[in-house]
Structures are given as structure tokens and as C-alpha cells.
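The values are calculated or read from the model by the stated rules, or taken from the named source; none is laboratory data. Predicted model only: the values in this text are computed from it and were never measured. All Cβ positions, even for glycine, are placed from backbone atoms using ideal geometry, and neighbour counts span all protein chains on display.
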Amino acid sequence: MEFIATARGRARGVFFGWWIVVGAIIFQTLQTGLLQQAYGTYAVVLHNEFGWSTTILSVAYALQSVLTGLVGPLQGWMIDRFSPRAVMRGGIVLFGFGFMALSRIDSLTGFFILILITSLGSTLAGFMTVTTVVVSWFERRRSLALAMTQIGLSVAGLIAPIVAWSLSTNGWRATAFASGLIVLVVALPLTRMLHRTPEEVGLRPDGDSPRPLLQESHSVPIEARQATFTAREALRTRAFWFISIGHALALFVVTAVTVHLVLHLVNDLGYTVGQAADVIALMTGIMIFGRFAGGIMGDRFDKRYISAGAMFGHAFGLIMLAYANSFWMVALFAIAHGLAWGIRGPMMQAIRADYFGRESFAKVMGFSSTIIMAGTVGGPLIAGIMADHFGNYTAGFTVLAGFAVVGSVFFLLATRPLPPAHAEQRSVAQRAPATSLT
């Protein structure tokens, strides 16, 4: 409480939830930039040093995704049972020391073991944990807050040229060790600000008045905010499954690009690692713009239509990359894919929070992660296996573009579910006059 009071005093009237968003940006930047976005660049170096195939490297990335999906329900329970702060701190320790230990490996077995330990830490200290906190601190401005949070995912791409430079200059071992040290030094102190809900510190979502408001405007209706689903109730709705499947199909594209973009640009198109990093930087810059655009649109328009439109952007961009024979086609890919990814990203969590409420959000996301896992595992594997078979990424990227088009249909069909029966009964009970028991 003392820390919150101090921070609020320094904020000069700025709602403390926005400072949590700033912290979340830093968490996301470190977690994504040093591991996920950098993995493709590490893959090139490890492929050259150890001779490991693209399939092996894809399997290693896929196992990270499997781990994230399997841990998801447990992570959601841990966040609710202990606190986001406790889960975040445990994850940071695993992530930081795992990265430092990874710098010492000399075998494929050691690589697989330590990449899984590092990924477990990254998962616990990453997306679900920070998103749960942000969702709880915002309602009317939820899409914008999530969009700003995910700027960390975009800024992480700007780290790619720095990681590439360090890999070339200092070697991958020194780069990995330094990455782990940076995580421990920077991220651990920031966990002090992670309070689960604004009510814990005497505030309300969006910084609204402590007194209940009779009218609240914008895109999230009052009745939607009052309806709270348990995880079990959410699992029984069509919306839960359609959103999760659409999200998984989007991640077929996103993860395949994350793992294989640098390999494709270097091995198939003849780019240098530095030039490939510049393409990532262009894509990331466009993605940052898309985050802001998606956050603003998501608070005003139907998130289903926005998500469906973004899926076509993914598909178009991947087709440009698959058949690229000049830089302008690569640039079109970077623009289309970056814009689609930026706009769609905030929608995935905001629509779940709008539909199912914030009380069980961590558990809902945890169960969603087991479905999403299909995309995070399947995308890199399909692209890697087909590249090894055909000698290039054209066929694999084309197939994955088709998956994106199919995903748009699932988003369009994911209409808002009716409030659960217990929420309606609770609402009626709250409005009914109190009676004495005699």
C-alpha cells in the first residue's frame, strides 16, 4: 500500500492502472524479445554451429508451445490461488537463470532440457499473468489498455537487430548469459506493482468513482460487465470454442513466421542475418501502429469483425512471403502481417474478458491455451517439415495462409453468449429488498 500511495502521488492524477500497463510493456518486451522473437536468429546460429536441422529446431520451439499449453490451466489456477505477483516472480527466476544455464550447453539433449526450463519461466512471467492483471484494472478502456500492453510484444521485435548484432559480435553464449542477467535485474523489482485488482488498493476499473455509476458508456454494456462466467460455464459456450479455434489458426501463421522468417530470408532469398533483422524491425514498426489502431477500434466496434478482417491480412502477407522474388513483396508481407498481427492481438483477450467477465479470466485463458497450443505447435512444424521436404517454404506458407482464411470464419461465428443462469439469479437477488429471518 505504501508503494501504491507513493506511485499514485508521483503520477499526478494518472490512473495507476496505466502505470501497470507500462510495467506490463517492459515484462512483455523482455519475455518476447529475448526468447520468442530472438529464437529464429538463434536458430540460424545453432544450425550453423551444430548442424541441427530446421525440423529439430522447429520441434524445440514446438515443445515450448506444448509446455505453455499444458501449463495454462495450472497457471490460471496459480494466479487465482496465490497472486499474479507470486507467479510472476517465480517465472522471472526460472527464466533468468534458465537463460544463463542455456549459455553453457554443448549437446542437443542439454539444449532441449534448458530451453524447456527457460520457456516455463517465460510462460509464468509472461502473457497470461500480465494480461490477467490488466484485464482486471480496465473495463471501458480494456481494448486500448491491452493494445498498449502488447506494445511490448511489438517493441520486442525492435530488439531483433540488437540480438543479431550481439550474436555476431559476442557469440550466442555471451548473448544468452547476458539476456538472463538482464531479466533478473530489470524485471524482478517491477513485480512490486502487480496488484490483482484495483479494488485491492481502494480503486475501481478505469479509475472511475468509488461509488457505483448509474450509467457507463462506450463499447462494453453494463449487462455484459455484470455477467460473470466461471471457467466451467465458459467452456460450455460456443463462443469459447470458436474464439479459441480462431486464435489457434492465427497462431499457426504467427509462430511459423517467428521461427522460420529469418531462415527463409537467409537460406531461400539470400538475405544476410542483419538484413533479415531489418525486415523484422519493419514488420514490428507496423505492428506497433496496428496495436494502437486495434485498441481504439476494439473499444468502439465489434471485435469479431475486426479479428476476421485481420485474418485476411495474415493470409495476404504470408502469400506475399511465400512467393517473394523481390524486396517489394517482402515489404508487403511485413506491412500486411505486422498490421494484421497488431490489430488482432488486443482483440483476443479483450473479447474473452467482455464475454466471460474478469473474475475467472485467468482460468478461462488457461483452458484456452490448451487449444491455442495446436497453432503454436503446428505452425512451425508444418513450415519446417514441408521446407525440409520441398527444399523451400513456398508450399508450407501457402497452406498456413489457407488456415488464416478459415480462422476468419470462426471469429465471425463467435457471437456473445447469453449470461449464465447463476449471474442472472445473483443480479435479481441483489435488486430484491432484504427480508428479515424470524
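Take segment 358-374 and flag every residue that is buried (at least 24 other Cβ atoms within 10 Å of the Cβ) and more than 16 Å from PHE127 (Cα to Cα).
Once the filter is applied, which keeps residues that are buried (at least 24 other Cβ atoms within 10 Å of the Cβ) and more than 16 Å from PHE127 (Cα to Cα), segment 358-374 yields nothing.
Restricted to segment 286-308, and to residues that are within 19 Å of the chain's Cα centre (by Cα) and surrounded by fewer than 18 Cβ atoms within 10 Å (Cβ to Cβ), which residue is farthest from ASP388 (Cα to Cα)?
This residue is ILE296.
Can you tell me how many residues in segment 322-344 are small (Gly, Ala, Ser), part of a helix (DSSP H, G or I) and closer than 16 Å to ILE280 by Cβ? Step through it out loud before you land on a result.
So in segment 322-344, the residues small (Gly, Ala, Ser) come out as 322, 324, 326, 331, 334, 336, 338, 340, 342.
If we keep only those that are part of a helix (DSSP H, G or I) too, we end up with 322, 331, 334, 336, 338, 340, 342.
Of the ones still in play, those that are also closer than 16 Å to ILE280 by Cβ are 331, 334, 336, 338, 340, 342.
Final tally of qualifying residues: 6.
Filter segment 82-140 down to the residues that are closer than 19 Å to TRP19 by Cβ and in contact with a Lys or Arg (Cβ under 7 Å, 6 or more places away or on another chain) and list them by number.
The answer is SER83, PRO84, VAL133, VAL135, SER136, GLU139.
Just wondering, is there one or more residues in segment 318-331 that are in contact with a Gly (Cβ under 7 Å, 6 or more places away or on another chain) and of a type in the set (Ser, Thr, Tyr)?
Keep residues of segment 318-331 that are in contact with a Gly (Cβ under 7 Å, 6 or more places away or on another chain), which gives none.
No, segment 318-331 contains no residue that is in contact with a Gly (Cβ under 7 Å, 6 or more places away or on another chain) and of a type in the set (Ser, Thr, Tyr).
Given the structure, is PHE177 farther than 21 Å from GLY72 by Cβ, modelled with pLDDT of 85 or more and out of contact with any strand residue (DSSP E or B) (no Cβ under 7 Å at 6 or more places or on another chain)?
Details: farther than 21 Å from GLY72 by Cβ: yes; modelled with pLDDT of 85 or more: yes; out of contact with any strand residue (DSSP E or B) (no Cβ under 7 Å at 6 or more places or on another chain): yes.
In short, yes.
Given the criterion buried (at least 23 other Cβ atoms within 10 Å of the Cβ) and either of a type in the set (Lys, Arg) or farther than 14 Å from GLY180 by Cα (or both), identify the matching residue among GLY72, GLY121.
Answer to the selection: GLY72.
Would you mind stating whether LEU381 is in contact with a helix residue (DSSP H, G or I) (Cβ under 6 Å, 6 or more places away or on another chain), over 18 Å from THR149 (Cβ atoms), at pLDDT 85 or above and among the hydrophobic types (A, V, I, L, M, F, W, C)? Spell out the reasoning first.
Details: in contact with a helix residue (DSSP H, G or I) (Cβ under 6 Å, 6 or more places away or on another chain): yes; over 18 Å from THR149 (Cβ atoms): yes; at pLDDT 85 or above: no; among the hydrophobic types (A, V, I, L, M, F, W, C): yes.
Judged against the criteria, LEU381 is not a match.
From the list VAL201, VAL262, VAL185, VAL254, which residue is modelled with pLDDT of 85 or more, touching a Phe, Trp or Tyr at 6+ places or on another chain (Cβ under 9 Å) and of a type in the set (Val, Ile, Thr)? Working first, answer last.
Values: VAL201 fails: modelled with pLDDT of 85 or more; VAL262 fails: modelled with pLDDT of 85 or more; VAL185 fails: touching a Phe, Trp or Tyr at 6+ places or on another chain (Cβ under 9 Å).
Going through VAL201, VAL262, VAL185, VAL254 in turn, the sole match is VAL254.
Those residues that are in a loop (DSSP other than H, G, I, E, B) and touching a helix residue (DSSP H, G or I) at 6+ places or on another chain (Cβ under 8 Å), I need them from segment 181-206; list them, please. Lay out the reasoning, then the answer.
Our first condition is that a residue be in a loop (DSSP other than H, G, I, E, B); within segment 181-206, this holds for 194-197, 202-204.
Across segment 181-206, the qualifying residues are LEU194, HIS195, ARG196, THR197, LEU203, ARG204.
How do the helices (runs of 4 or more DSSP H) wholly within segment 11-108 filter down when requiring 2 or more residues that are of a type in the set (Lys, Arg) and closer than 19 Å to ALA187 by Cβ: which remain? Working first, answer last.
Details: elements: 16-31, 37-50, 54-81, 84-102.
In segment 11-108, the matching helices (runs of 4 or more DSSP H) lie at 84-102.
I'd like to check something: does segment 237-255 contain any residue that is over 23 Å from the mean Cα position of the chain (by Cα), assigned to a helix (DSSP H, G or I) and charged (D, E, K, R)?
no
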